[in-house]
Structure formats: structure tokens, C-alpha cells
Amino acid sequence: MRNVSRLFPLLPGIAMLTGCNHASQKNNGQNVQKPNIIYIFADDLGIGDLSCYGASKVSTPNIDRLAGQGVQFTNAYATSATSTPSRFGLLTGMYPWRQENTGIAPGNSELIIDTACVTMADMLKDAGYATGAVGKWHLGLGPKGGTDFNSQISPNAQSIGFDYEFIIPATVDRVPCVFVENGRVVNLDPNDPITVSYDHKVGDWPTGEENPELVKLKPSQGHNNTIINGIPRIGWMTGGKSALWQDEDIADIITDKAKNFITSHQEEPFFLYMGTQDVHVPRIPHPRFAGKSGLGTRGDVILQLDWTIGEIMHTLDSLNIADNTILIFTSDNGPVIDDGYQDYAYENLNGHTPMGIYRGGKYSAYEAGTRIPFIIRWPAKIQPSKQQALFSQIDTYASLASLLNQPLRKGAAPDSQEYLDVLLGKNNTGREYVVQQNLNNTLAIVKGQWKYIEPSDGPAIEFWTKTELGNDKQPQLYDLSSDPSEKTNIAKSHPEIVKELSALLESVKEE
Ligand code: NG6
Ligand code: CA
């Protein structure tokens with residue numbers, strides 16, 4: 001482990017003097033305390049969706065300010081092209097494809113992270129942090145057999161290292177459409193219990209399939225089960241009427257919870273893991289953002305997301321803790337335009353390019369599936385810069401552990417590598433390689449200028465969204481230095497590189 005005493009020259013002394021890690025946060029700007037850490041996962045946000053990454057049709061001033069004050073990555077990757085595995089990879093430091101049952105989780109899935117696993121939140125707790133999870137969760141809740149939403153739900157986020165939990169169990173297009181706070185459904189009336197199923201209709205609430213005349217947002221793909229707030233969802237539910245969220249208010253509510261968590265832990269080091277529901281479908285902006293982007297609701301919820309980030313930044317400023325807070329902003333996977341509702345996202349693009357120059361999108365082994373925006377700000381220690389080094393979100397765990405001089409517990413974070421200096425923008429020699437995973441668990445590997453996608457029997461095109469998945473029975477090789485848009489498969493003319501990268505990928509699988 002790297003010597004980080006230069007970062008916290010006074011830390012050991014403080015720990016000895018006070019016998020705890022709770023040195024004052026506002027010590028005349030000397031920042032001897034462990035930094036607070038906020039990790040914000042936007043949902044389905046593309047590298048082309050932000051003005052700091054070159055978007056010209058939409059403006060994201062708060063995120064741009066964050067980027068201007070921090071390190072902005074251009075070659076950073078999520079482990080996976082969908083939400084559940086990507087979040088799993090970040091929090092466990094293990095590639096999700098090593099474990100069964102890490103695909104897109106239904107809303108009544110069991111908790112898919114083993115409670116014995118030492119997560120990044122556990123590691124930070126070991127290091128003396130107060131830990132909280134707010135917003136989109138999508139890692140399941142409850143025991144094998146699924147979630148019972150009517151009593152104390154256990155295990156939950158608190159079982160894997162979070163002191164506090166206020167979460168959307170799965171996604172905003174999946175039932176149940178309720179928040180869970182510390183294992184309890186918020187505002188649930190015990191006389192109106194919740195039933196959820198992903199196999200068959202439960203109860204008598206209308207569904208999109210049977211009552212299409214009742215929907216205010218029509219599905220384009222799937223999304224024709226129980227109608228909640230006029231929006232047909234994936235999965236069926238009944239009961240819990242008093243607990244149902246209003247879609248327009250979700251950003252306000254989770255932003256508020258995040259701000260409260262920050263405020264109540266301002267005097268101690270804290271770790272806030274926040275998942276926004278923006279910009280996932282259904283895209284339902286609050287009225288103050290509706291129609292404001294000129295790009296339809298997908299653009300409007302980008303503005304809403306930018307507002308959320310601004311609120312977090314203002315909160316840190318007003319508490320005078322921004323300087324010693326590491327704020328990471330990124331996305332769980334790449335963008336998608338029509339992901340299941342007739343929200344006219346294509347028609348309203350107006351020249352906006354969420355994928356940037358990259359091929360594919362959410363679900364894909366091509367670059368737009370996992371190459372995501374990634375920004376880290378830490379005013380006390382980081383110089384603003386652009387970072388071109390290769391980086392994977394999976395390395396966040398080991399890198400933060402190194403920063404804090406926190407030894408990894410045995411077996412923890414097996415795939416997470418320490419790239420602290422890359423993360424902090426001090427060094428641009430990135431990871432030797434990055435592994436990417438698509439919807440069908442086809443793996444790809446990027447090393448230097450090369451990108452290899454392993455042969456796969458999976459479909460070439462994702463059925464619903466028509467996204468190119470990157471699956472092909474033949475090996476694929478792209479030279480990202482001359483062909484970042486992966487237009488020309490040069491595997492046949494470079495058999496030696498195909499051989500080297502496929503062997504490297506196999507060796508990673510066998511680790
Ligand atoms: C897909 C859904 C899509 C979205 C995705 C999960 C259909 C047709 N499509 O199955 O709308 O919910 O799952 O997205 O149902 S993720 O970002 O949470 O991984
Ligand atoms: Ca997602």
C-alpha cells in the first residue's frame with residue numbers, strides 16, 4: 001500500500017491525541033481530518049449528456065463547475081452496461097460476472113450482495129466513517145425468496161455497511177413505487193399491506209395491458225403491468241397506497257435526504273452513496289424543469305439532475321466543508337434514448353448526442369455501454385485537470401482504502417486495484433486494462449489502444465431498444481486510437497493481438 005502520510009501528515013497524531021477519528025472538520029482550513037466522501041451515481045447518463053463533455057444542446061452548469069474544480073476523466077468505465085451489476089461492482093470491488101444473479105434485479109429481488117461481503121461501505125466504516133445510502137438502490141432487499149415490504153426488511157443496505165438507508169428499492173419503472181428507510185417502507189399503512197409480483201397480476205389495480213386508456217405515458221416496450229400515477233410499470237403491485245411516491249417529487253425528496261445526511265454528519269467523516277433516478281425512464285421532471293431544456297423530458301431530467309448536483313455542492317459550501325469533501329459524480333452505465341416509454345426522446349434530440357462519438361449505448365459491449373462521465377473534486381488536495389488515463393469504477397474501493405491507509409480485510413474487493421494517484425489526477429499512468437460487460441455477460445477488454453470483444457452467441461441487437469450489443473460469433477478487435485467509434489473490426493488482420501487480449505481476458509476470468 002502506498003504511503004499516504006503526505007496527504008494526512010497529522011492524522012496519526014490526531015488519532016492518538018483524541019483517541020478517535022472525529023477531529024473537528026473546520027480546523028482553520030488545514031484539512032487534517034479524513035475527507036468526507038460522496039459518490040453520486042447518475043442513472044443512464046451518457047458521456048455526451050453534459051456540457052463539460054462537449055454537449056452543446058443542453059447546459060449543465062453545476063456539473064460543469066464541478067468538473068472545472070476537479071479531475072475530469074475521459075477514459076473511465078463502469079464495470080457493466082446496466083445498473084445492478086455496475087453498482088455491485090463498485091460496492092463489492094468484485095466483477096459482477098463472477099457471481100450469478102447480478103443481472104438487472106426485479107423490484108422484489110433478495111439482497112444480492114452477501115452480508116458477509118466486506119463492501120466499500122464496510123471498509124469506510126472500519127475507517128471511522130458514518131455511511132449512508134440514498135436514492136436508487138437496485139441491489140435487492142431481503143432474504144432469498146424475495147422482499148416482504150410489510151415488515152422490517154432484512155437484510156437491507158444497513159446489513160452491508162450503511163448506517164443509514166433511504167432508497168428506491170429497484171428502478172423508477174419497477175414496482176413497488178415506494179421508498180424504504182432503514183428497512184421500513186415509508187408511510188406504509190399496516191392496514192393496506194403491499195403485495196408485489198413479477199410473474200403474475202396481483203390485486204385489482206389496473207394494468208397498462210388491460211387498461212391502456214388509463215395511462216398518461218404510453219409504453220413503447222414492455223412496461224405494461226400495474227399503473228402507478230398513470231404510468232404503467234414493470235411488475236405488478238397492490239396495496240401500500242399511502243406509501244406510493246409521486247414521480248415528479250423524487251428528485252426533491254432524495255436530494256433532501258442526501259442534504260440531511262450531509263448536514264447531520266458534518267462534524268465527522270461521512271460517506272454518502274447517492275443514486276439518482278435521473279435520467280432513467282420514466283422521465284418525469286418536476287414542473288419547474290418540465291419543458292425547460294427544449295429537448296423533451298430526457299433533456300429536462302438532465303437539468304433536474306444538474307440541479308441535484310448543485311444542491312449537494314451548495315450544501316457543502318454552506319456548511320463550509322466543501323474543501324475537504326471528495327465528491328465523485330459518474331453514471332452507472334451508458335445512455336439509451338427510447339428505453340420503454342413513448343416520451344419522444346428520439347424526436348426531441350434536436351442534434352443532442354448522449355453517446356458522444358461512441359458506438360452502442362446502455363446494454364452494449366461497445367464503448368457507449370460503459371464509458372461514462374466521471375468527475376472527482378477535492379479542493380483541498382486536487383488540482384483541476386483533465387485525466388485521460390484508463391480508469392474503472394471498480395478501483396474506487398481499493399484507491400479510497402489506500403488514501404485512508406485502511407488495510408483491506410481478507411478477501412475484500414478482489415478485483416479492485418489501487419490507482420489512487422490516477423483517481424486524484426496526480427499520475428496519468430492508468431490501469432493496464434479495463435474489462436467491460438454487456439447485458440448478455442459478453443466481456444470485452446480495453447488495453448492501450450486496443451479493444452477486444454470476446455465471441456458471443458448473444459443477439460447482435462437488443463430486442464427492445466435496438467441497441468447494438470456488441471455480440472458477435474467472431475472475435476472483434478478495434479483500434480480505439482484511430483477508430484474510437486469501433487467501426488472497423490480488424491481482428492483478422494491482427495491475430496497476435498487478438499490472441500494476447502483473449503488470453504489476458506481468460507486469465508482475468510480465472511483469477
Ligand atoms: C430493462 C427495461 C428498461 C430498464 C432496464 C434496467 C424493458 C423493455 N426494459 O429490462 O426500461 O428498466 O431494464 O435499467 O422492460 S437499469 O439502468 O436499471 O439497468
Ligand atoms: Ca442505469
- Message: Please count how many residues of the range 24-58 are over 13 Å from P354 (Cα atoms), away from ligand 1 (no atom under 16 Å from the Cβ) and modelled with pLDDT of 95 or more.
- Response: 6
- Note on the structure: Matching residues in the range 162-192 (within 16 Å of ligand 1 (Cβ to nearest atom) and either part of a loop (DSSP other than H, G, I, E, B) or charged (D, E, K, R) (or both)) number 9
- Task: With respect to D300, determine if the residue is open to solvent by less than 40 Å² (accessible area, probe 1.4 Å), charged (D, E, K, R) and away from ligand 2 (no atom under 16 Å from the Cβ).
- Result: yes
- For the range 467-479, how many residues meet the condition of being open to solvent by less than 20 Å² (accessible area, probe 1.4 Å) and farther than 30 Å from Q221 by Cα? 2
- Query: What about G470, is it under 23 Å from F88 (Cα atoms), at pLDDT below 95 and of a type outside the set (K, R)?
  - Reply: no
- Message: Can you confirm whether G361 is open to solvent by 10 Å² or more (accessible area, probe 1.4 Å), of a type outside the set (A, V, I, L, M) and assigned to a loop (DSSP other than H, G, I, E, B)?
- Response: no
- Message: Whether any residue in the range 73-91 is crowded, with 24+ Cβ neighbours inside 10 Å, in contact (Cβ under 8 Å) with a residue 60 or more places away in the chain, more than 16 Å from ligand 2 (Cβ to nearest atom) and part of a loop (DSSP other than H, G, I, E, B) is what I want to check.
- Response: no
- Message: What's the number of the only condition in (1) within 16 Å of ligand 2 (Cβ to nearest atom); (2) in a loop (DSSP other than H, G, I, E, B); (3) surrounded by 20 or more Cβ atoms within 10 Å (Cβ to Cβ) that P285 fails to meet?
- Response: (1)
- Task: For P190, state whether it is at pLDDT 95 or above, surrounded by fewer than 15 Cβ atoms within 10 Å (Cβ to Cβ), within 25 Å of K466 (Cα to Cα) and not small (G, A, S).
- Result: no
- Given the conditions (1) in a helix (DSSP H, G or I); (2) open to solvent by less than 10 Å² (accessible area, probe 1.4 Å), report the number of the one that S159 does not fulfil. (2)
- Task: Sort through Q388, Q393 and tell me the only one that's within 16 Å of ligand 1 (Cβ to nearest atom), in contact (Cβ under 8 Å) with a residue 24 or more places away in the chain and more than 17 Å from G470 (Cα to Cα).
- Result: Q393
- Message: So D338 passes all but one of these: (1) among the acidic types (D, E); (2) open to solvent by less than 10 Å² (accessible area, probe 1.4 Å); (3) within 16 Å of ligand 2 (Cβ to nearest atom). Which condition number does it fail?
- Response: (2)
- Considering the range 77-96 alone, what residues qualify as being aromatic (F, W, Y) and within 13 Å of ligand 1 (Cβ to nearest atom)? F88
- Select from the range 258-269 the residues that are within 27 Å of P282 (Cα to Cα) and surrounded by 21 or more Cβ atoms within 10 Å (Cβ to Cβ) and write down the one among them that is nearest to the chain's Cα centre (by Cα). A258
- Message: Which numbered condition in (1) acidic (D, E); (2) under 14 Å from G235 (Cβ atoms); (3) surrounded by fewer than 22 Cβ atoms within 10 Å (Cβ to Cβ) is the only one that E181 fails?
- Response: (2)
- Query: Looking at (1) in a loop (DSSP other than H, G, I, E, B); (2) in contact (Cβ under 8 Å) with a residue 60 or more places away in the chain; (3) closer than 27 Å to I160 by Cα, which is the only condition V196 fails?
  - Reply: (1)
- When every residue in the range 288-297 that is touching a residue at least 24 places away in the same chain (Cβ under 8 Å) and either crowded, with 24+ Cβ neighbours inside 10 Å or among the aliphatic types (A, V, I, L, M) (or both) is compared, the one farthest from F166 (Cα to Cα) is L295
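Is there a residue in the range 109-123 that is on the phi < 0 side of the Ramachandran plot, over 20 Å from the mean Cα position of the chain (by Cα) and either surrounded by fewer than 18 Cβ atoms within 10 Å (Cβ to Cβ) or within 16 Å of ligand 2 (Cβ to nearest atom) (or both)? Walk me through how you get there before you give the answer.
The first filter runs over the range 109-123 and keeps only residues on the phi < 0 side of the Ramachandran plot, leaving 109-123.
From what is left, the residues that are over 20 Å from the mean Cα position of the chain (by Cα) are 115-116.
With the extra rule that they be either surrounded by fewer than 18 Cβ atoms within 10 Å (Cβ to Cβ) or within 16 Å of ligand 2 (Cβ to nearest atom) (or both), the set shrinks to 115-116.
Yes - at least one qualifying residue is present in the range 109-123.
The values are calculated or read from the model by the stated rules, or taken from the named source; none is laboratory data. Just so you know, these numbers come straight off a predicted model, no measurement behind them. Heads up, the Cβs are rebuilt from the backbone with ideal geometry, glycines too, and the neighbour counts pull from every protein chain shown. Remember, those area values only see protein heavy atoms, side chains included, never the ligands or the DNA or RNA. Shrake-Rupley method; radii C 1.70, N 1.55, O 1.52, S 1.80 Å.
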